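Quick one: structure below, then a few questions.
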Amino acid sequence: MTETWGNRPFRVGVVGAGSVAALHLDAAAGLPEVEVAAVCDVRLPAAEQLAARFGARAYADHAAMFAAGGLDGVLVTAPHSLHAPITVDAAAAGLHVLVEKPMATTLEDGQRMIDACTTHGVRLAVGHVLHFLPTVREAWRILRSGSLGRPVVITERRTARYERGSRPDWFFDPVLAGGGIVMNVGTHSIDKAQWLGDAPATGVHGYVWNQPGVEVETESVGLLELANGVRVVLSVTGTGLPFQDETEVVCEHGALRLSRRDGLWTYRGDDAVQVVAPEQDDIVEAFREQLADFVASCRDGRAPAVDAAYGQSVVATALALYESAERVDTVRIPRFTMEAAA
């Protein structure tokens, strides 16, 4: 389906008025083809405060916001387990959807979202924003070029604060969040490993642990096998270690190291080259490019850069890691059609 909006901007609303919503709307403000029209949050004062920054309407109920009309699409940044019902309602209202990662907390909910958007002829994109970071995109380009040879092993390490008080309370509710550091932070790492490794995960052997007094896991390690044979060593921790967001890819003829602190480097023997220097504000530009891609996909009728099938593959891997930790065994992962564009 191809849609156009004439000479007017694409009008977006957002459901969820937290810090990630602000990033999305700041990105929208930098796009002349997008208008921020409405903000919704069950905490009406939070919705009003964010809406005031953009001259938008504020709501406490997403159904009321959808019924009021005047929107073309919606950004879903609510707690994870609410992604599915909000997306289903948005689709029924004829609205295109960009949903934050993780797409859902169960594969059944993810399928409900896909079915609703298909039935009502609207786009469904998943906000895996790392696909739009300059360093990650360049790493992807180098690996796809074959200049380093075939990837063999990927090591993904990430730290985050994950004690109570470090983030909103709902992140520590296993029902609302769908899990802890794996479902929240680990899905970034799973996504990056799958995208750079050029294949979905087909098996995982994982372990999780939670700090005393915290209901969700705060630490996890995992060994993933991708469909093309690449092995991934995954580590996400929330115990207060210094910040680290680093990926190493060992290939047949060299290696690549991607770090939020140090930028992107390639290695061939004794030859080390910094390909991209770290940038302080690249996340803002990444959100802007993600939103521009979403709007273009709605306008042109093409698939978004990160589609729902890919979003499902990330959720499936996170859920399999949980299952593996419980069973103390390797768990196989269902296959989804991966259509994550460059």
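Open to solvent by 10 Å² or more (accessible area, probe 1.4 Å) and within 30 Å of Leu124 (Cα to Cα): does that describe Glu248?
When the stated conditions are applied, Glu248 does not pass them.
Confirm whether Arg260 is within 19 Å of the chain's Cα centre (by Cα) and either at pLDDT below 95 or open to solvent by 20 Å² or more (accessible area, probe 1.4 Å) (or both). Let's see the steps before the verdict.
On the way: within 19 Å of the chain's Cα centre (by Cα): yes; either at pLDDT below 95 or open to solvent by 20 Å² or more (accessible area, probe 1.4 Å) (or both): yes.
Here the answer is yes, as Arg260 does meet what is asked.
Ala308 versus (1) under 23 Å from Ile154 (Cα atoms); (2) surrounded by 15 or more Cβ atoms within 10 Å (Cβ to Cβ); (3) not aromatic (Phe, Trp, Tyr): which is the lone unmet condition?
Condition not satisfied by Ala308: (1).
Ala21 versus (1) under 23 Å from the mean Cα position of the chain (by Cα); (2) in contact (Cβ under 8 Å) with a residue 40 or more places away in the chain; (3) open to solvent by 10 Å² or more (accessible area, probe 1.4 Å): which is the lone unmet condition?
For Ala21, the failing item is (3).
Could you tell me how many of the residues in the range 75-119 are farther than 11 Å from Gly178 by Cβ, under 16 Å from the mean Cα position of the chain (by Cα) and β-branched (Val, Ile, Thr)?
5
To continue, here is another question. I'd like the residue in the range 200-235 that is without any contact (Cβ under 8 Å) to a residue 24 or more places away in the chain and outside any strand (DSSP E or B) and, out of all such residues, is farthest from Ala325 (Cα to Cα).
Within the range 200-235, the subset without any contact (Cβ under 8 Å) to a residue 24 or more places away in the chain is 209, 212, 221, 223, 229.
Narrowing further to those that are outside any strand (DSSP E or B): 212, 229.
Details: Pro212: 18, Gly229: 22 Å.
Step by step, filter the range 200-235, then rank; the result is Gly229.
Looking at (1) within 23 Å of Leu143 (Cα to Cα); (2) touching a Leu at 6+ places or on another chain (Cβ under 9 Å); (3) crowded, with 17+ Cβ neighbours inside 10 Å, which is the one condition that is false for Ala316?
Every listed condition holds for Ala316 apart from (1).
The values are calculated or read from the model by the stated rules, or taken from the named source; none is laboratory data. None of these values were measured; they are calculated from a predicted model. Positions of Cβ are generated from backbone atoms using ideal geometry, with glycine treated the same way; all protein chains shown enter the neighbour counts. The area values use the complete protein model at the heavy-atom level, side chains included, leaving out ligands, DNA and RNA. Shrake-Rupley method; radii C 1.70, N 1.55, O 1.52, S 1.80 Å.
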